[in-house]
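Scroll down for the structure; my scribbles are underneath it.
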Amino acid sequence: MELELDQSLELSPRQSLKVSPRLVAANYILELSSQELQQAIATELSENPALEMVDVPTCQVCGSELHGSICPLCIQRQKGAEPQRDEPSSPFYDDRDLLASPNVDEEEFDPLTKVASEQTLAERLLSDLGMVLPESDMKIAEYLVGSLDEKGYLACSVDECAYELEVDVQRVRAVLKVLQSMEPIGVGARNLRECLLIQLDYLEQIGLEQPYARDVVSDYLMELGEHKFGKIAHDLKLTPEQVAEVWEFVKSKLNPHPAHGFSATNARDRDTRQMYILPDVIISRTEGGYEVEVVESKRFLLRISPMYSRLSGELHRQGTSFSMDERKHIQQYVSRAKLFIANINQRRQTLFNITRCLVAKQQEFLDQGVRHLKPLSRAAVAVELGVHESTVSRATAGKYVMTPDGEVIPYSHFFTPSLSIKDVIKEMVEHERSPLTDAEIADRLREKGINIARRTVAKYRMQLDILPSMLR
């Protein structure tokens with residue numbers, strides 16, 4: 001039996017989807033956070049000789065170079081004439097199609113300096129201690145400061161510190177006393193009672209004194225928190241009114257959490273350095289509403305190197321004067337630089353458009369606070385802008401916005417199906433006329449249609465670092 005093999009070629013049409021390298025590169029740049037983008041730009045600058053960074057004023061909206069204080073590109077758009085731009089793959093790419101960064105006067109206020117200049121509590125304390133302690137005691141100071149918890153209390157014992165550092169206990173006590181004299185007053189205390197007593201000592205030194213506060217805080221702090229004014233008055237031979245005055249003094253003048261308001265101490269390492277979150281976009285309040293600014297508009301500006309731009313032009317006019325390797329080198333690096341710049345411009349424009357849409361839809365949130373946050377999805381923003389939902393997700397993932405009040409929040413705060421229960425509890429406490437108990441908060445939540453148990457309220461309250469009603 002013989003088998004016949006028929007070998008032939010047949011052509012059949014078939015459609016398939018392939019992602020272009022340009023789209024992959026654009027999505028990669030879009031996903032980068034502000035700090036990651038700076039690293040990517042630094043890497044590209046070191047690898048691509050056709051790319052360079054310059055410092056000229058640029059438009060905050062489109063990134064084009066300003067002529068004086070005027071952006072020709074934006075003026076053309078406003079007139080309805082969309083300017084012609086060459087494709088990034090074109091060799092005749094306008095080398096002024098740049099990433100933005102206006103050359104800001106040094107005296108102008110930059111909101112980023114507010115973020116970058118904030119210190120952790122540890123940094124501030126070590127700086128202050130370094131001015132009053134001898135160098136030999138700084139290792140003790142660093143250990144103690146590194147042992148502070150999120151409230152500012154000392155989480156280790158004096159004996160433990162002395163043992164770990166192999167120093168005398170008296171030296172540790174002396175350094176701790178200096179630490180407890182630093183601001184914020186009360187930091188370095190080992191418990192709530194010591195914290196309040198340190199603050200009372202400070203107030204007495206500046207002439208603000210409550211005659212019975214020290215006795216009450218020293219011996220009857222628990223009873224004071226439980227409002228057992230009668231027992232305290234009986235034991236100290238005071239009137240209930242005098243005890244009530246002590247209670248009001250403690251509530252209004254003393255702070256049980258001295259470290260609040262500072263960046264948290266990093267317990268993993270003893271130098272307690274804190275990574276700062278830099279915003280990718282800044283929203284500022286103006287007379288006419290709100291202004292959106294992509295941070296890269298203040299940081300750097302990229303363009304094709306003038307030398308490579310000139311070589312690229314000569315290559316197309318008289319290509320025969322270049323060798324094959326020279327032509328390949330020029331075309332490769334110039335095209336790569338143009339694509340990189342175009343992707344960064346697209347990232348900036350996408351972030352600008354998304355943030356402007358969020359400002360329009362969540363203006364009440366920016367005006368009046370979190371209780372006025374409207375339900376909003378990424379899909380809704382994508383429909384509004386005419387882009388795919390994945391574009392909005394990539395552009396906002398892992399990125400942060402500075403709001404007009406100076407708070408840096410993730411983009412995810414703008415997208416919420418409903419208001420967080422914790423936010424409702426926080427607002428209730430902030431606007432309470434008299435301290436609400438956990439049970440009363442639970443009852444008010446039920447009136448709003450939120451059914452949770454009292455113990456759940458207590459858990460959320462502790463996560464928000466809100467004191468019990470008896471201590472508020």
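Odds and ends about this structure:
- Test item: Cα-centred dipole of the range 137-210, Lys/Arg +1 and Asp/Glu -1 on Cβ, debye: 80 debye
- Size of electric dipole in the range 155-197: Cβ of Lys, Arg +1 and of Asp, Glu -1, about Cα centre, debye, nearest 20: 240 debye
- Separation in nanometres of the label points that stand 7 Å from Cα toward Cβ, at Gln39 and Glu183: 3.7 nm
- Surface analysis of the range 125-235 yields an accessible area of 52 Å² per residue, using protein heavy atoms and a 1.4 Å probe.
- Each label was represented as a point 7 Å from its Cα along the Cα-to-Cβ direction; for Ser321 and Ala360 these points are 5.1 nm apart.
- Sites Asp367 and Lys448 - FRET efficiency at Förster radius 22 Å, r taken between beta-carbons, to 0.05: 0.55
- Taking a point 7 Å from the Cα of Lys228 along the Cα-to-Cβ direction, the residues of the range 185-210 with backbone N closer than 20 Å to it are 192-194.
- Inter-label distance, Asn255 to Glu194: 1.9 nm, where each label sits 7 Å from its Cα along the C-beta direction.
- The residues of the range 379-460 have, on average, 55 Å² of accessible surface per residue, using a 1.4 Å probe with all protein chains present.
- Unit charges on C-beta of K, R, D, E only; dipole of the range 302-422, Debye: 280 debye
- Cα radius of gyration and Dmax for the range 347-445 (Å): 16.0, 49
The values are calculated or read from the model by the stated rules, or taken from the named source; none is laboratory data. Keep in mind the model is a prediction, meaning the values are calculated, not measured. Backbone-built Cβ (ideal geometry, glycine too); neighbour counts: all protein chains shown. With ligands, DNA and RNA removed, areas are computed over all heavy atoms of the protein, side chains included. Shrake-Rupley method; radii C 1.70, N 1.55, O 1.52, S 1.80 Å.
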